[in-house]
Amino acid sequence: MSEIKFEKVDQYRWRIPQTGKMKVPGMVYATKEMLKSIRMDESPTQVANVAQLPGIVSHSIAMPDMHWGYGFPIGGVAAFDEDEGVLSPGGVGYDINCGVRLLSTNLDRADVVDELEALSLDLHRAIPSGVGKKSKLKLSKDQLEKVLVQGARFMVEEGYGRSDDLEVIEERGEMDGADPGVVSDRAMKRGLPQLGSLGSGNHFCELGYVEEIYEPEAAEAFGLRKGMVTVMIHSGSRGFGYQICDESLRTMLKASKEHGIDLPDRQLCAAPLKSEAAQRYFKAMACAINYAFANRQMMTHSVRSTMASFFGQREQELGLNLVYDVCHNIAKWETHKVDGKDKRVCVHRKGATRAFAPGHPDVPKRYRDVGQPVMVPGDMGRYSFVLAGRQGAMDETFGSSCHGAGRAMSRAKAKKKARDRPIFKELQQKGIYVRSDSRATVAEEIPEAYKDVMDVVDVIDGAGIAAKVCKLVPLAVVKG
Amino acid sequence: MRDRGYQQVDHTADLAISIWAPDLESLFEEGAFALVDIMTEGAARRDSTEGLDARALEIEALDLEDLLIQWLNEVIYLAVTEGFTVAYAELSLSENTPHNLEAKVQGSEQSQLKGELKSATYHGLELKKQDGAWRAFVVIDV
């Protein structure tokens, strides 16, 4: 239970006043109703803790899907001054560049609804998913190093994708500053066999359809129309990213001590952005970011070739165009307006997504009039949303938005609730086919284990951060 | 209650375990057993050392808590990358600096892991001596 006091700014904005060692106030985006459950864990305290870090600019921010994380809350956003500020691995997360991508298709729900059982099985077979499942790729260490520097581009050049995929990936799927020289052998060992695999837990590949459109102009620009079948892939940097994060925590703990940074929580360990420790972590983080981009690119290829094979058509005939790929665990350099002036800051988004507004040069040209696409996955039984970034994000949240629903129930409780229940059949009755090698994972991921993502997205939309563009409903889910 | 063991504790997003033992080395050993037990969904066995492979490990850490986390992550690493699940551990470590441990672990290279553990974390980490026994609380990212 958090003891933090909130001050209402308006129905969607709650300030945590600057007190004690906080250097800036906190700002939480939520409704009064949501605050009741938000208060049940220590995440508000974590927002206040982040506000203690040196060089933090403006506010320590949290999105409506916030919950307890390691150091930073999940759903946390914080930007740091380039001279006075710090880089903190806890502000990125263990699963570096966990993110989501969305594909559009030329298929309609009617085209797939009678094929779901067979199609979901084919997808399940094509995408290595689950515990210990290794990738079908056999990469050499040299090739892996190229992946770490080039990200999605390497996969496309090797034939696993289309060159115009790169335009619609955050950072064009290739984060600058990556240096495999700082990556440990352990991380390489963990990463080598897993490229192109989904991972377990809340990662998934989901076939769905567009059930409702809220912003027709943006939907059209994104290439989405009502009834259209879509594919969403949610995955990160697998064991590779975890290894990088774990190793960095130790270095950062030492650095925090050396630089006299007072840590309210060990997992907030950080080093000044200009320090060697920070620069080293950035280089390693960039490698993990590229690994995840390449990973999602590889899985996209698997989806495309599986569906082409299944329908007996060429990929391009089915469309299967990449709409966008977003990161939700990342730290990067961006320029934002602070007190009316352009300021270069290091933005940390942990369980939060970039959501740039119309007109921003980093939004792909084809979307520049409508804003950057933001995919916000919900649970496998209800819905997910596509949003478009709005000026509110640029003005208030360093161009950031929410990332998902957030869990409502522990894994143990979910498993208990699911025990003796025919969970696969229950979802099937709703028209949703779930494929997984692990009933336990699916049990942990039952829809009621999650909060309602619509509540989260309504706050973001209501607060002018990003606008709802369309709602996607699941048809078939491949889970790890 | 047994003088050593582990228990899973409810945690919203991840997995938390509570570990206890009469001395520090046993606590570390119980921690390893806990992770293997979870990763194999209850199939971890300590019946005999017959047919087990042995490995030597050495870890250097910032402090005792860091040592525990690194130890647990070592157990995860071995399981995930080499399929090696630790059954027994003979550890040599000290409460005092330097915070190192040396261990001879015995285990099997089977292994069909059922549950995936990603990393032991410092989140809410507790490691302390209480009423003559050692207790730890660790959150594991899954």
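The values are calculated or read from the model by the stated rules, or taken from the named source; none is laboratory data. The structure presented is a predicted model; accordingly, all values stated were derived computationally and were not measured. Note that we place each Cβ from the backbone using ideal geometry, even for glycine, and neighbour counts take in every protein chain shown. Accessible surface areas use protein heavy atoms only, side chains included; no ligands, DNA or RNA. Shrake-Rupley method; radii C 1.70, N 1.55, O 1.52, S 1.80 Å.
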Quick check: at a probe of 1.4 Å, how many percent of the accessible area of the protein assembly as shown sits on carbon and sulfur atoms?
44
What does the accessible area per residue of segment A:138-292 come to in Å², with a 1.4 Å probe and no ligands, DNA or RNA counted?
37
With 5 Å bins from zero, work out the P(r) of segment A:5-153 over every alpha carbon pair and list the percent per bin.
2, 8, 12, 14, 12, 10, 10, 11, 11, 7, 3, 1, 0
Could you give the angle, 0 to 90 degrees to the nearest 10, between helix A:276-311's Cα long axis and the longest principal axis of the Cα atoms of chain A?
20
Which semi-axis lengths, in whole Å and largest first, follow from the square roots of five times the eigenvalues of the Cα gyration tensor of segment A:190-232?
31, 11, 8
Among B:128-134, A:98-104, how do they line up from the highest to the lowest mean number of other beta-carbon atoms within 10 Å?
A:98-104, B:128-134
Phi to ³J(HN,Hα) by Karplus 6.51 cos²θ - 1.76 cosθ + 1.60 over segment A:354-369, Hz, x for Gly, Pro:
5, 8, 6, 7, x, x, 5, x, 7, 7, x, 3, 5, 10, 4, 6
Counting pairs of Cα atoms in segment A:351-432, how many percent are more than 17 Å apart?
60
For segment A:67-210, what is Rg from Cα atoms divided by 2.2 N^0.38 Å, rounded to two decimals?
1.25
As a test of the definition: which semi-axes, in Å, follow for segment A:78-119 when you take the square root of five times each eigenvalue of its alpha carbon gyration tensor? Largest first, please.
44, 13, 6
Just add up the charged neighbours of A:Ala218: K/R +1, D/E -1, any other residue whose Cβ is under 10 Å from the Cβ of A:Ala218.
-3
For segment A:270-411, state the average projected area of the convex hull of the C-alpha atoms over all orientations, rounded to one decimal in nm².
11.9
Provide, in order from the shortest bin, the percent of all Cα-Cα pairs of segment A:302-358 in each 10 Å bin, continuing until the bin that contains the maximum pair distance.
19, 29, 20, 20, 11, 2
Over the Cα atoms of chain A, what is the Rg over Rh ratio if Rh follows Kirkwood?
0.95
Accessible-area loss of at least 50 Å² in the complex relative to the chain alone (1.4 Å probe) applies, within segment A:232-260, to A:Tyr242, A:Arg250
Could you tell me the convex hull volume per residue, in Å³, taken over the Cα atoms of segment A:33-106?
135
Shielded by partner chains, segment B:119-134 residues - at least 30 Å² of accessible area, 1.4 Å probe, vs chain alone:
B:Ser119, B:Thr121, B:Tyr122, B:His123
Enumerate the calculated ³J(HN,Hα) couplings along segment B:27-32 in order (Karplus 6.51 cos²θ - 1.76 cosθ + 1.60, θ = phi - 60°), each rounded to whole Hz, writing x wherever the residue is Gly or Pro.
4, 4, 5, 4, x, 4
To the nearest 100 Å², how much accessible surface do chains A and B hide from each other in total, with a 1.4 Å probe?
2900
Gaussian network model of chain B, Cα springs within a sub-10 Å range: biggest mean-square fluctuation belongs to which of B:Asp23, B:Asp47, B:Asp63?
B:Asp47
Restricted to Cα positions, what overall size does segment B:5-134 have along the principal axes? Three whole-Å values, descending.
35, 35, 25
For A:Ala388, what charge total do you get from the other residues with a beta carbon under 13 Å from its beta carbon, if Lys and Arg give +1 and Asp and Glu give -1?
0
Can you work out ³J(HN,Hα) from phi for every residue in segment A:165-181, in order, using Karplus 6.51 cos²θ - 1.76 cosθ + 1.60 and θ = phi - 60°, giving whole Hz and x for Gly and Pro?
4, 4, 5, 10, 10, 3, 6, 6, x, 9, 7, 6, x, 6, 9, x, x
Other chains' Cβ within 10 Å of B:10-21 residues: what's the mean?
4
Please report the projected area of segment A:325-480's Cα convex hull averaged over all directions, in nm².
10.1
